[in-house]
Amino acid sequence: MDKIAELSLEGKTFRLPVVEGSEQERAIDISALRNDTGYITLDDGYANTGSCQSKVTFIDGEKGILRYRGIPIEELAEKSTFIEVAHLIIFGKLPTSAELRRFSDLLTDNELLNEAMKHHFEGFPTHAHPMAILSSMINAASCFYPELLDPDRKDTFVVQTARLLSQVRTIAAFAYRKSRGLPIIYPKPELKYTANFLHMMHSLPYRDYEIKPEAARALDLIFLLHADHEQNCSTATVRMVASSRANLFASAAAGVCALWGPLHGGANQAVLEMLERIHADGDDGSRFIAAAKDKNSGKRLMGFGHRVYKNYDPRAKIIKRTCDELLVKLNVSDPLLDIAKHLEEAALRDSYFVERKLYPNVDFYSGIIMRAIGIPIEMFTVIFAIGRMPGWIANYKEVMEAPTRIYRPRQVYTGPTLNAYVPLKERK
Ligand code: SDX
């Protein structure tokens, strides 16, 4: 029997259908609420509001569960690769060998930017933040492919996907090279996705970068762990833009802008800046933790807390372990890692964090890995964007395939009631 929720308002009882997901999550369908009752709902930050039904990623924040298309993140982290997971997230299935080969070849065939785009890079100041360049250049890239901008062209979706997934990496590497006054390095078709990115980031015209397998694997794992995360701020933004039937590149560029904020993807850069500041201040972390608990300090323990996880972020556990292993393999000791571990131990004993269920999230340790493999701090959020691209593409695809109405939330107006125009000479 269909479940029903009852709402009593002004002496009347309204019956609202209950929707149950495949993991027994339940939602009250309020699609008819305003028509039936004249009321809308209000939900600061959408903490209690489901914007859609999706088949891509499942998170259980209380149990610290994350699954892409039903497969646990722990298993994918151990056995899979970023490109195989990208196929799983976008097309809904792990690829066969032939499908994986075809997908990889498509990425290789689409890795070069149109040569004319080089001139756009010239126009950015060297200090331009690479997230600004990334969002601009994703839209700029689309100008060269007008045939891919029609969201109704299902036959070109795979090429749109391959071009965006492959070129976001090339754009990111070129942005970094330009910021350092270095010549851009073209991709090498014989290299796999992540190794090719490291090549474009660090090689020189006269000498190829020596790609350490453990560094490439660690970065591939970071991309994999960031690949999707249900309706986070940037993915919800991608769906919002897609709902107007804008093209995939425009929707992804909007996702980059939303991800940039320090409360979201920008947190990985903010964590390193926080750790560096604590280290420079000779603080063992206790002073900073005290400040993070003080609402008036304007400081937060970056990399801690999550809207959904009220338990340990499963990705943070994997990244912390990878961090330990990588630094041993690279024979690197990083004082910031020691500070991070001390902060975590201190916070998880502190009632302020325990009561608010604030645990390390995906951003707390990722920056230390990126630092160890030579990714500069201003590129950290760009790395997050490259990793999140499959999730944005998969959510864009769901919006285009479902009979989705344009996303247009309502509001409760609290401004001036009926007012009159005052001629300039009469204003005080
Ligand atoms: C990502 O949504 C996703 O899935 C995101 C993400 C993904 O993969 O897409 O997982 C990636 O964005 C991870 C989060 C990265 N951001 C940070 O690490 C920034 C620091 N964290 C916070 O700003 C915060 O925890 C958020 C933004 C992550 C979550 O914010 P919420 O859910 O709106 O929680 P809140 O701000 O309402 O905080 C609840 C309480 C408040 O205290 P009280 O008013 O109850 O007294 O907890 C406090 C907050 O002040 N709090 C923190 C804190 N995070 C929350 N206090 C100190 N340090 C923190 N980090």
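Highlighted here are the helices (runs of 4 or more DSSP H) found entirely within region 308-386 that include at least 1 residues which are within 30 Å of A132 (Cα to Cα): 314-329, 335-347, 363-372. Would you confirm whether or not region 380-400 contains a residue that is within 18 Å of H279 (Cα to Cα) and either in contact (Cβ under 8 Å) with a residue 40 or more places away in the chain or not basic (K, R) (or both)? There is no residue in region 380-400 that is within 18 Å of H279 (Cα to Cα) and either in contact (Cβ under 8 Å) with a residue 40 or more places away in the chain or not basic (K, R) (or both). Taking the stated definitions as given, is R69 surrounded by 11 or more Cβ atoms within 10 Å (Cβ to Cβ) and in contact with a Leu (Cβ under 6 Å, 6 or more places away or on another chain)? So R69 fits the description; yes. Looking only at region 5-44, how many residues end up being under 36 Å from the mean Cα position of the chain (by Cα), part of a loop (DSSP other than H, G, I, E, B) and farther than 16 Å from V412 by Cα? Total meeting the criteria: 9. A340 meets each of the listed conditions (1) within 12 Å of the ligand (Cβ to nearest atom); (2) farther than 30 Å from F174 by Cβ apart from (1). Going through (1) surrounded by fewer than 20 Cβ atoms within 10 Å (Cβ to Cβ); (2) over 22 Å from E75 (Cβ atoms) one by one, Y312 falls short only on (2). Restricting region 254-271 to residues that are small (G, A, S) and buried (at least 24 other Cβ atoms within 10 Å of the Cβ), the residue that is nearest to the ligand (Cβ to nearest atom) is A267. For region 349-358, state whether one or more residues are surrounded by fewer than 20 Cβ atoms within 10 Å (Cβ to Cβ), within 8 Å of the ligand (Cβ to nearest atom) and not aliphatic (A, V, I, L, M). Yes, the conditions are met somewhere in region 349-358.
When the residues of region 102-125 are filtered to those that are farther than 22 Å from T161 by Cβ and of a type in the set (D, E, K, R), the one that is surrounded by the most Cβ atoms within 10 Å (Cβ to Cβ) is K118. For region 198-249, a residue qualifies if it is more than 16 Å from the ligand (Cβ to nearest atom), part of a helix (DSSP H, G or I), touching a residue at least 60 places away in the same chain (Cβ under 8 Å) and over 26 Å from Y145 (Cα atoms), and the qualifying residues are L198, H202, E214, A215, A218, L219, D220.
Consider region 269-322. How many of its residues are among the hydrophobic types (A, V, I, L, M, F, W, C) and under 23 Å from V382 (Cβ atoms)?
Final tally of qualifying residues: 10.
Scanning region 139-190 for residues that are among the aromatic types (F, W, Y) and over 20 Å from the mean Cα position of the chain (by Cα), we see that the one that is nearest to R245 (Cα to Cα) is F157. Every listed requirement among (1) within 10 Å of the ligand (Cβ to nearest atom); (2) more than 28 Å from P130 (Cα to Cα); (3) without any contact (Cβ under 8 Å) to a residue 24 or more places away in the chain is met by R300 save one, (2). Could you please find all residues in region 75-93 being within 16 Å of L219 (Cα to Cα), in contact with a strand residue (DSSP E or B) (Cβ under 9 Å, 6 or more places away or on another chain) and assigned to a helix (DSSP H, G or I)? L76, V85, listed by residue number. Could you please find all residues in region 257-291 being assigned to a loop (DSSP other than H, G, I, E, B), of a type outside the set (D, E, K, R) and on the phi < 0 side of the Ramachandran plot? Correct list: W260, G261, P262, L263, H264, G265, G266.
Listed here are the residues, each with its yes/no results for (1) more than 16 Å from H229 (Cβ to Cβ); (2) basic (K, R).
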residue	(1), (2)
K3	yes, yes
S31	yes, no
D43	yes, no
Y46	no, no
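Throughout, read-outs are computed from the coordinates displayed, never taken from laboratory work. Model, not experiment: these values are computed from the prediction. For neighbour counting, all protein chains shown are included, and Cβ atoms are generated from backbone atoms with ideal geometry for every residue, glycine included.
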